[in-house]
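The values are calculated or read from the model by the stated rules, or taken from the named source; none is laboratory data. Everything numeric in this text was worked out from a predicted model, so none of it was measured. We place every Cβ from the backbone using ideal geometry, glycine too, and count neighbours over all the protein chains shown.
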């Protein structure tokens, strides 16, 4: 696919092996006291894929994302990322090895500008230490400028030029979601984990967001996991869909397969066989 | 030559470099230049001995307050032990100078490092504790250090304190106020510049992220606990550095001044000045030190005027009352502190005379 929104250098100049992402979740069980939030989950995400996770409220979608990104510590099972066992690693470590995410209830820094929010995401890519920073040496200045350029490319990509100096707290909800996507991209993640990026958006905002995600995935080969409730979007952009219900994965496959799966229909609509 | 920027009515920046500058206009740079010239060239020569003493105290406290603002205002970790860290710096410098025979220019930074190490130890609870709970944990630090300063007589001289030899720097005796003025304010300018640099780089951004939302900070790849400790260390280094200057300036130290009251005063300084603002910390120090001096002069004056002596004795505690009142009024009417007042004044000037 042709790229339509500029050519951000984090995509064009990165070597394919630096962006490779293979996630393997095996037999994962997560319990909170007596409640089993996830039981024996298997899920694979291959390089360049866009995998969606759907399911009714409380199905365990966000719990799985929180386990993958290190916020929750599952009791059993394995999660491996590019062959490395990542269970037990802290969130900041996972961010450094290339798992970046957005949050369901936007976790931006409302008192900072869009630009500072995104600059924060470049933290792991800044090489200088406290000593150099305190003297603001030339190398520090140059590095700051380099990161600023990278961010400007992302700002162009996400069409946020007009709001770059605005405080995030003053932006409308849909725009904040976009800023959060921008911040996650600035982390330069191998695997981008999106938790309900379309929640609470107007139709136009959803359309814009779909365009960004599709272009990221198709033109820039960004590996993504998407948790979302909007079925029409999920079914039209995902390559593979996994359906969760009460902490169990009940189906996985192409959008068409999943839509006609009897258990999925049962989970969403209830047992239809009794209606006669 | 580059076109100078004085009163831009919009953003006319043409490079990302310009966005990184401390002063966004040449006007700001000009005023900074003028004030530095006034500070170093005029103030020490026109001030009386008493005024110079007050100004020197402002300089010493300002260094510690800038450090404390890095911790409380930027990283959001409240420390009630800063007075004690200041004391650790003072004692470390005094002990290094008397027992170790270290020269002034080595004793001061080493005292800062000692204080930073102590600060990090008392910052350890921040791994688990937040907000008020951390506040109480650092309060424990304050009392432990005070206790050690009084009781470890072999090292600290107990309640007697230590006499510090007069400082010399490159063969110049710093025994008089004017010479010491240059040392204090040289250090002050350097330390403030370093604080500003830290804030505009990834270190400061990480601090602010931890203050605003530590969960998201973790998601941005920032190891939260090490950065909290770093903040404790930097801030205690500032306090210890200032404490060391204090020790050399007063020439004799006892555990008395480094009590909880001093810690509270530091917090009052940065709240009144403005949390999360470097110039604010300095404004706060100027305000509090001046207020202290004015109030003590006022009570002294009333005591000595025959008619009001009786009244003055009854209203002597009024000093603490006015002090508390000032803090409360600031919190109610200008919670962002003097820095915000300064910003409003500046923006009024920027738009004058067309303030719309």
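Brief remarks follow.
- Matching residues, the stretch A:96-112, being free of Cβ contacts under 8 Å to residues at least 40 places away in the same chain and at the interface with chain B (Cβ under 8 Å from one of its Cβ atoms): A:96
- Among the conditions (1) crowded, with 20+ Cβ neighbours inside 10 Å; (2) more than 14 Å from chain A (Cβ to nearest Cβ), the only one that residue B:144 does not satisfy is (1).
- From the list B:264, B:271, the one residue that fits, being more than 10 Å from chain A (Cβ to nearest Cβ), at pLDDT below 90 and surrounded by fewer than 18 Cβ atoms within 10 Å (Cβ to Cβ), is B:264.
- Checklist (1) touching a residue at least 40 places away in the same chain (Cβ under 8 Å); (2) crowded, with 21+ Cβ neighbours inside 10 Å applied to residue B:168, failing item: (2)
- Residue in the stretch A:220-230 that is part of a helix (DSSP H, G or I), under 15 Å from the mean Cα position of the chain (by Cα) and surrounded by 20 or more Cβ atoms within 10 Å (Cβ to Cβ) present: no
- Output for the stretch A:51-86, where each listed residue is under 15 Å from residue A:40 (Cβ atoms) and surrounded by fewer than 21 Cβ atoms within 10 Å (Cβ to Cβ): A:75, A:76, A:77, A:78
- Residues in the stretch B:79-118 that are surrounded by fewer than 24 Cβ atoms within 10 Å (Cβ to Cβ) and under 15 Å from the mean Cα position of the chain (by Cα): B:80 alone.
- Tally, over the stretch A:8-39, of residues that are over 16 Å from residue A:186 (Cβ atoms) and either at pLDDT 85 or above or touching a helix residue (DSSP H, G or I) at 6+ places or on another chain (Cβ under 9 Å) (or both): 20
- Inspection of the stretch B:158-173 identifies no residue that is outside any helix (DSSP H, G or I) and at pLDDT 90 or above.
- The lone exception for residue A:127 - which of (1) under 30 Å from residue A:36 (Cβ atoms); (2) modelled with pLDDT under 90 it fails: (1)
- Going through (1) more than 10 Å from chain B (Cβ to nearest Cβ); (2) in contact with a helix residue (DSSP H, G or I) (Cβ under 9 Å, 6 or more places away or on another chain); (3) outside any helix (DSSP H, G or I) one by one, residue A:80 falls short only on (2).
- Candidates A:242, A:267, filtered to the one that is within 20 Å of residue A:47 (Cβ to Cβ) and either touching a helix residue (DSSP H, G or I) at 6+ places or on another chain (Cβ under 7 Å) or crowded, with 19+ Cβ neighbours inside 10 Å (or both): A:242
- Any chance residue A:190 is out of contact with any helix residue (DSSP H, G or I) (no Cβ under 7 Å at 6 or more places or on another chain) and surrounded by fewer than 15 Cβ atoms within 10 Å (Cβ to Cβ): no
- Among the residues making up the stretch A:113-127, a single one is part of a loop (DSSP other than H, G, I, E, B) and facing chain B (nearest Cβ under 7 Å): A:126.
- Check on residue A:89, within 19 Å of residue B:217 (Cα to Cα), outside any strand (DSSP E or B) and either modelled with pLDDT of 90 or more or within 9 Å of chain B (Cβ to nearest Cβ) (or both): no
- Residue in the stretch A:138-151 that is closer than 25 Å to residue A:194 by Cα, touching a residue at least 24 places away in the same chain (Cβ under 8 Å), more than 10 Å from chain B (Cβ to nearest Cβ) and under 20 Å from the mean Cα position of the chain (by Cα) present: yes
- Looking only at the stretch A:53-66, residues that are more than 14 Å from chain B (Cβ to nearest Cβ) and either within 22 Å of residue A:92 (Cβ to Cβ) or assigned to a loop (DSSP other than H, G, I, E, B) (or both) come to 8 in all.
- Verdict on residue B:302 being without any contact (Cβ under 8 Å) to a residue 40 or more places away in the chain, out of contact with any strand residue (DSSP E or B) (no Cβ under 8 Å at 6 or more places or on another chain) and surrounded by fewer than 21 Cβ atoms within 10 Å (Cβ to Cβ): yes
- Complete set of residues in the stretch A:166-205 that are in a loop (DSSP other than H, G, I, E, B) and more than 15 Å from the chain's Cα centre (by Cα): A:166, A:171, A:172, A:200, A:201, A:202
- Residue that is within 14 Å of chain A (Cβ to nearest Cβ), touching a residue at least 24 places away in the same chain (Cβ under 8 Å) and either under 25 Å from residue B:246 (Cβ atoms) or not in a helix (DSSP H, G or I) (or both), where the choices are B:63, B:22: B:22
- Subset tally (residues that are modelled with pLDDT under 90, in a helix (DSSP H, G or I), in contact with a helix residue (DSSP H, G or I) (Cβ under 8 Å, 6 or more places away or on another chain) and surrounded by 13 or more Cβ atoms within 10 Å (Cβ to Cβ)) for the stretch B:25-60: 4
- Scope the stretch B:171-224; condition over 26 Å from residue B:279 (Cα atoms), free of Cβ contacts under 8 Å to residues at least 24 places away in the same chain and away from every other protein chain (no Cβ under 14 Å); matching residues: B:171, B:172, B:173, B:175, B:176
- Qualifying residue in the stretch A:13-21 (condition: part of a strand (DSSP E or B), in contact (Cβ under 8 Å) with a residue 12 or more places away in the chain and within 30 Å of residue A:163 (Cα to Cα)): no
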